[in-house]
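Heads up, the thing below is written out as structure tokens.
The values are calculated or read from the model by the stated rules, or taken from the named source; none is laboratory data. Bear in mind that the values here come from a model prediction, so they are computed numbers and not experimental data. All Cβ positions, even for glycine, are placed from backbone atoms using ideal geometry, and neighbour counts span all protein chains on display. Just the protein is used for accessible areas: all its heavy atoms, side chains included, with ligands, DNA and RNA removed. Shrake-Rupley method; radii C 1.70, N 1.55, O 1.52, S 1.80 Å.
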Amino acid sequence: MATINKQKILNDPIYGFISIPNSLLYDLIEHPFFQRLRRINQMGVSYLVYPGAQHTRFHHALGCMHLMQKAVQVLRFKNVKISEEEETALYVAILLHDIGHGPFSHAMERSIVEGVHHEEISTLFMNRLNQHFEGKLDLAIQIFQGKYHRKFMLQLISSQLDMDRMDYLKRDSFYSGVAEGNINSERLIQMLNVVDDELVVEEKGVYSVEMFLVARRLMYWQAYLHKTSVCAELVLVRILKRAKELTHKGIKLWGSDSLLFFLNNQIDYEEFDSRALDKFALLDDSDILGALKMWQFHEDFILSNLSKMIVNRKLLRIEIMSTKDEISKTIEAKRAEVAQEYDLSVDSAKYFVFKGKMTNQAYRKDKEPIMILKKDSSVEDVLVASDQLNLKALTKPVMKYFVCYPKNDLER
């Protein structure tokens, strides 16, 4: 039998050529669990606002692996000892860090897979893959769970300046066309170093860190927290909750086998056994979008109208409010109006009229800080090292309250 050449390169629109460093990484990428990420959109329903935002979690995971290769190269050049085993473990951990995301992940986590975070599902997938690859993922799982003694390795995967954020900001900026999110990831990585087992950024890179934090703030307001995206995601949450409610009442809905499994069963972390994981591994965006296309014709007034909103992009109006009193008055009035107009109970009207809040905090003081390595070898928080006064403002959470309600007539 012919042997497969596993030394592959991939062409990426952001970084150019990405190489797959070894056969284990190649085999992981080839596995159906990972290939499923090709069918999951990185930015959820943001394509309803930015038509170019059609890239997938598969793109993102490969981009993160590429940046991790660059980081390992830079740190070794600066005499940070990283063994071959540790190097492969870092690539595996960053490649698989998002493997637990479901379709429209955050909407799923708040509706049909309630209370089970995607990072927990990522760990379940990693453990399953580890069995398949006969323990070759042991070290990667230790690093991913923060159980490995070299702390900086976890920081490369999950921190306030990790490979995950560096890739998604640059990639989401490129595909959405929101230019303000375009960070200089190459320079940030060149400035990385390790002191006392902690990841630091050399002082020359302080302005790049400032730009990174500002870009993160702007991307949240302009893309991730764009009010139309927020509204669309909340409509999707309500569709899935309604579908689950109807299913539990014994009403049959069209859906793929894996989607119906999660609609029919209350699955929390304890119930997330190997059968649930197998069903989850078959879920992707096509299950949800296919269901919405069918549910728009369902006889249930709530399910059909909400489904049409996503399928035809006829969304609710979202209005930013300045005070909580204003929200309460608006909610009450709009719910009464919708209930009367369409002969619904006030409880049913809650599906079409609801409130929420958006929070944007680019840098968190309560989390591990981004540390700057000074020329005198001392290390300090970027907030202290920076001469940019606006940086302190980025630590304050900015909240916006809103109300969503129908702007078009609902179909009876």
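Only protein heavy atoms count here; under a 1.4 Å probe, ASP268 has an accessible surface of about 60 Å². Checked against a 25 Å cut-off, the cross-linked pairs LYS252/LYS350; LYS227/LYS252; LYS204/LYS227; LYS170/LYS204; LYS249/LYS308 give Cα-Cα distances beyond that limit for LYS227/LYS252; LYS204/LYS227. Out of every Cα pair in segment 121-253, what percent are spaced more than 23 Å from each other? When all Cα pairs of segment 121-253 are counted, 57 percent exceed 23 Å.
Taking 0.36 nm per residue of sequence separation and removing the Cα-Cα distance, the SER328/LEU10 pair yields an extension gain of 109.2 nm.
The amide H of ASP12, built 1.01 Å from its N in the peptide plane, has PHE17, ILE18 as neighbours under 5 Å, considering only residues 5 or more places off or on other chains.
Highest-first packing order for the peptide set 307-313, 13-19, 59-65 is 59-65, 307-313, 13-19, based on the mean count of other beta carbon atoms within 10 Å.
One way to sum up the overall shape of segment 176-313 is the equivalent ellipsoid from its Cα gyration tensor, whose semi-axes run 42, 22, 11 Å, largest first.
The residues packed around PHE104, meaning those with a beta-carbon under 11 Å from its beta-carbon, carry a net charge of -4 if Lys and Arg are +1 and Asp and Glu are -1. Between LYS367 and ASP257, the contour length at 0.36 nm per residue exceeds the Cα-Cα span by 35.5 nm. The HN-Hα couplings worked out from phi for segment 327-340 by the Karplus form 6.51 cos²θ - 1.76 cosθ + 1.60 (θ = phi - 60°) are 5, 4, 5, 5, 4, 4, 5, 5, 5, 4, 4, 5, 4, 5 Hz, whole numbers, x standing for Gly and Pro.
Using the rule -39500 (n - 2.57) for each DSSP H run of four or more residues, divided by the residues of the chain, the 222 nm mean residue ellipticity is -14500 deg cm²/dmol. Note the angle between two axes, namely the Cα long axis of helix 301-311 and the longest principal axis of the Cα atoms of the chain, as a number of degrees from 0 to 90, rounded to the nearest 10. Between the helix axis and the principal axis of the chain, the angle is about 40 degrees. In terms of its Cα atoms, segment 262-405 spans 71, 48, 30 Å along the principal axes, sorted from long to short. Amide H to amide H distances under 5 Å link GLY356 with PHE402, where only residues 5 or more positions off or on other chains count and H is placed in the peptide plane. Distances between placed amide hydrogens fall under 5 Å for VAL113 paired with no residue 5 or more residues away or on another chain.
The stretch between SER345 and ASP197 holds 47.4 nm of extra length on full extension. This uses 0.36 nm per residue minus the Cα-Cα distance. Summing charges over all other residues whose Cβ lies under 13 Å from the Cβ of ILE327, with Lys and Arg as +1 and Asp and Glu as -1, gives +3. For segment 302-412, the relative contact order comes to 41 percent (Cα pairs under 8 Å, sequence separation of at least 6).
Highest mean packing comes first when the peptides 215-223, 20-28, 374-382, 96-104 are listed by Cβ atoms within 10 Å, giving 96-104, 215-223, 20-28, 374-382. Build a GNM of the chain with springs between Cα atoms under 10 Å apart, and of ILE40, ILE267, ILE239 the one that fluctuates most is ILE267.
For GLU87, neighbours were defined as the other residues whose beta-carbon sits under 14 Å from its Cβ, and their charges (Lys and Arg +1, Asp and Glu -1) total +2. Once the C-beta distance of SER23 and LYS78 is scaled by a Förster radius of 30 Å, the resulting FRET efficiency is 0.60 to the nearest 0.05.
Which of the listed residues, SER386, LEU62, GLN222, is farthest toward the dipole's positive end in the chain, when Lys, Arg count +1 and Asp, Glu count -1 at the beta-carbon? Farthest along the dipole direction, towards plus: GLN222.
Put simply, when 45-55, 154-164, 126-136 are sorted by average Cβ atoms within 10 angstrom per residue, most first, you get 154-164, 45-55, 126-136. Any aspartates and glutamates with Cα under 14 Å of the LYS396 Cα? List them, leaving off those in the same chain fewer than 8 positions away. Within reach: ASP366. For percent of Cα pairs over 27 Å apart, one of (1) 49; (2) 44; (3) 56 was computed from the structure I shared and the rest are decoys. Which label? Computed from the coordinates, percent of Cα pairs over 27 Å apart corresponds to (3). In segment 176-316, Cα pairs under 8 Å separated by at least six residues give a relative contact order of 20 percent. Measuring nothing but how far apart in sequence close Cα pairs (under 8 Å, 6+ apart) lie, relative to its length, segment 1-152 scores a relative contact order of 17 percent.
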